[in-house]
Amino acid sequence: MLSKPIIQIEPTNYCNQSCDICMRSYQRRKLGFMDVEEFKKFIDVNKPFYVGLHGWGEPLLHKGICDMIRYAASRGSITSLITNGTLLDGEVAKDLITSGLRELVFGVYRIEKLEKISSNIRNVVELKRELGLNKPKIFLDITVYEENRAEVLEIIERGASLGVEAINLHRIFNLHNPSHRALGRDEEKALFKEAKKLSKALGLKIVLPKDHKIPCRVAKYSIFITWDFAYTPCCFMPEECFAEGSRVRIRDVVSSKAYKEFIKNMAENPVCSKCII
């Protein structure tokens, strides 16, 4: 386990969208919002190096999200947030980009989705320029699968024209709807080569997914914490709970027998054995 684990923490699992590739609609968890004061206690106890504020919901629905970011940043944490971008306008945008956020990531997977939030992305880029800010760095996070193969390069080009600074590509992993299929290995390799070449020409940083191995780097080096403070191996296994509560120490979780047994037996796990992330 790394000395500085990545913490992915879920502000809420409420969402204002119903994306067809999202597994959220298949989950049966209780809906709710993370308590801001409990979040602060978690930060004080763990002093995490990196905090990704995203899960199975839209973080900007949480009224305290900017307070959470400010608090984590004030304690030295690198903060990142993934949003669908639909709520990021006006004062919300200004409050977010002045909160100490280091990475602002727009999750898109179809051109039509990007078009609907283009004005919000452009507004954030212009606000950064007006305020003389270098951060947050603005990413597009693109889920790649068979149905959007022909749109990926266009999404990258469109993102560059809006002022996006970086691209993150990741494979789809959807256990509940097999109609959404990942690309075959050769097709994926060809697309990633094209995407890398295009991003370089556009002056964009690009992050490509690595080959999946077991034990998986996600579970080994990060923890996913649900809105109600359940400590789980990753966002695809929110009900695999190692511990609960805002005062739990991450180091105690990763040194626990349950965690070590999980890592040891990942190859036999019904989710991990199918994962390609």
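The values are calculated or read from the model by the stated rules, or taken from the named source; none is laboratory data. Small disclaimer: the values here were computed from a predicted structure and weren't measured. When the accessible area is computed, the model is the full protein with side chains, heavy atoms only, and any ligands, DNA or RNA have been set aside. Shrake-Rupley method; radii C 1.70, N 1.55, O 1.52, S 1.80 Å.
Between the range 87-156 and the range 27-42, the alpha-carbon centres lie 25 Å apart. Between ASN265, ASN120, ASN148, which gets the highest mean-square fluctuation from a Gaussian network model of the chain, Cα cutoff 10 Å? Largest GNM mean-square fluctuation: ASN265. For the range 188-277, taking the reciprocal of the average inverse distance between every pair of different Cα atoms yields a Kirkwood hydrodynamic radius of 15.1 Å.
Distance between the C-alpha centres of the range 54-86 and the range 160-190: 24 Å, rounded to the whole angstrom.
Note on the chain: antiparallel DSSP beta bridges, both residues inside, total approximately 15 percent of the bridges counted.
Assuming a ≥ b ≥ c are the square roots of the Cα gyration tensor eigenvalues, decide whether the chain counts as rounded (a/c under 1.5), prolate (otherwise, with a/b larger than b/c) or oblate.
On the way: a/c = 1.67, a/b = 1.12, b/c = 1.48.
It is oblate, given that a/c is not under 1.5 and a/b is not larger than b/c.
Write down the Å³ per residue value for the convex hull defined by the alpha carbon atoms of the range 73-139.
Details: hull volume 5.3 nm³, N = 67.
Given the Cα convex hull of the range 73-139, per-residue volume reads 79 Å³.
How many percent of the accessible area of the range 62-114 is carbon or sulfur, using a 1.4 Å probe? Answer for the range 62-114 is 49 percent, counting heavy atoms of protein chains only. Working note: Karplus 6.51/-1.76/1.60 with θ = phi - 60° gives the range 191-202 the couplings 5, 4, 5, 5, 5, 5, 5, 5, 4, 4, 5, 8 Hz, where Gly and Pro are set to x.
In the elastic network of the chain, a GNM with C-alpha springs shorter than 10 Å, the most mobile of GLU239, GLU187, GLU91 is GLU91. Computed from phi, the 3J(HN,Hα) profile of the range 217-234 under the Karplus parametrisation 6.51, -1.76, 1.60 (θ = phi - 60°) reads 5, 5, 6, 6, 10, 8, 9, 9, 10, 6, 4, 9, 6, 9, 8, 10, x, 6 Hz, with x in place of Gly and Pro.
Considering only Cα-Cα distances, which of the following residue pairs are longer than 29 Å: LYS41/LYS128; LYS113/LYS205; LYS63/LYS257; LYS4/LYS264; LYS63/LYS210?
Long pairs (Cα-Cα over 29 Å): LYS41/LYS128; LYS63/LYS257; LYS63/LYS210.
Can you classify the range 1-102 as rounded, prolate or oblate using the Cα gyration tensor, where a ≥ b ≥ c are the square roots of its eigenvalues, rounded means a/c under 1.5, and otherwise it's prolate if a/b beats b/c and oblate if not? Oblate, since a/c reaches 1.5 and b/c is not below a/b. The 3J(HN,Hα) values that the Karplus relation (6.51, -1.76, 1.60; θ = phi - 60°) gives for the range 117-123 are, in residue order, 10, 4, 5, 5, 5, 4, 5 Hz. Gly and Pro appear as x. Computed log10 I(q)/I(0) for the range 95-205 at 0.13, 0.17, 0.19 Å⁻¹: -0.51, -0.82, -0.97, from the Debye equation with unit scatterers placed on every C-alpha and solvent omitted.
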